Amino acid sequence: MKYVWLRIRPFGRLLKALHGFFYNFKRFYSYAGWRSNMKDVEQRNYTAVKIYHSLEKSMSFKNRRVGSGWSDAYALLDLLRVAHRFDELGYHDKAACKLLSRFIELEGNSQTKNASYIRGELSKLNFASLEEHGVKTYSAADFHRGVLKSPEAFFLSRYSLREFKGENVSEELIKRAISLAMKSPSVCNRQAWHVYHTTESLPKEAALKYQAGNRGFGERIPNLMVVTTDLKAFMPGQEHYQHWIDGGLFSMSLIYALHSLGVASCCLNWSQSPANDKLLRSSVNIKNNHTVVMMLAVGWPEEVNNVCVSARRPLDEIYTCLEVRAGGCK
Ligand SMILES: Cc1cc2nc3c(=O)[nH]c(=O)nc-3n(C[C@H](O)[C@H](O)[C@H](O)COP(=O)(O)O)c2cc1C
């Protein structure tokens, strides 16, 4: 009997996986950007940054092909016209406007009929970012400002901490860490992240109730963050997993940003069953279109702490030189 059960159990797991895939598909169907509803300020802004980033990239090449980029420029103009009709503007609406105005003034572009037409159309719009957009020169010395004296001291001094000093981390410091983490790369610079944060007992309890990995320390977590990404930013086809990827990158940056400020954290897993994901959503104010990537327990370390050693595998177990297979490069 035990043997039969062992043979059947993996199929039960597969069914659970199927249930999870279906739940994720349903969420993607309901909230992702595939409907291209440009009246929706968020969806329009994700589309705008996708297009203007492509122009930005072409502008950054040292040997830019003169005459390229006009189809993107017109697509952007169309979006800006839509934005102009609505009261609610987003960051990328304004950034796109500024970027387009820079694109048409590039050498080789500014004297063209296209530029003159777009210039006229842009003058009818009543919004533009005051910030710099487009390209800038950036020296090796600029890059080197990020070189750490001892990378090992920084990276190897981070440990997940589960018991913290009984003192909250200030909202100001939390926001500083989030701002630093926002320098994370994201697909087409879409920055589809959204962070929920609290130090209040009730929302902490409500959120942690469905998270199994905080047993034994959850009730003493000073600051709780829920890192999410906005499904509206992503399209079907190639991007249905992108929200997890961009969310994961952002989460890691956030953890390192906190670490750089002396604040400790512990990731709290949200690879959850559909039922628990729904329960969390019914308990706290996480928007339906926001996918929960993970929670983060955050707080100050005590003078003396206990941490898990969590030793790392030898490098040669995770490193392989990439090579072309015989007959593989056609
Ligand atoms: C996505 C993710 C989810 C995690 N979830 C939990 C969790 O639910 N509870 C917990 O105590 N630790 C959790 N951890 C922390 C890991 O156990 C920890 O990062 C790992 O053991 C390595 O230890 P270190 O972070 O101290 O280097 C999680 C880590 C990651 C990256």
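Couple of notes before you dig in:
- Enumeration of residues in the range 148-176 that are of a type in the set (Gly, Ala, Ser), within 16 Å of the ligand (Cβ to nearest atom) and within 22 Å of residue 226 (Cβ to Cβ): 160
- Here the condition is being away from the ligand (no atom under 15 Å from the Cβ) and more than 25 Å from residue 275 (Cβ to Cβ); of 203, 222, it holds for 222 alone.
- Of the residues examined, residue 161 is one that is of a type in the set (A, V, I, L, M, F, W, C) and in contact with a Cys (Cβ under 8 Å, 6 or more places away or on another chain).
All of the numbers you see were taken from the coordinates with simple rules; none came from a lab. No experiment lies behind these values; they were computed from the predicted model shown. Because the Cβ atoms are built from the backbone with ideal geometry, glycine has one as well, and the counts that use them run over all protein chains shown.
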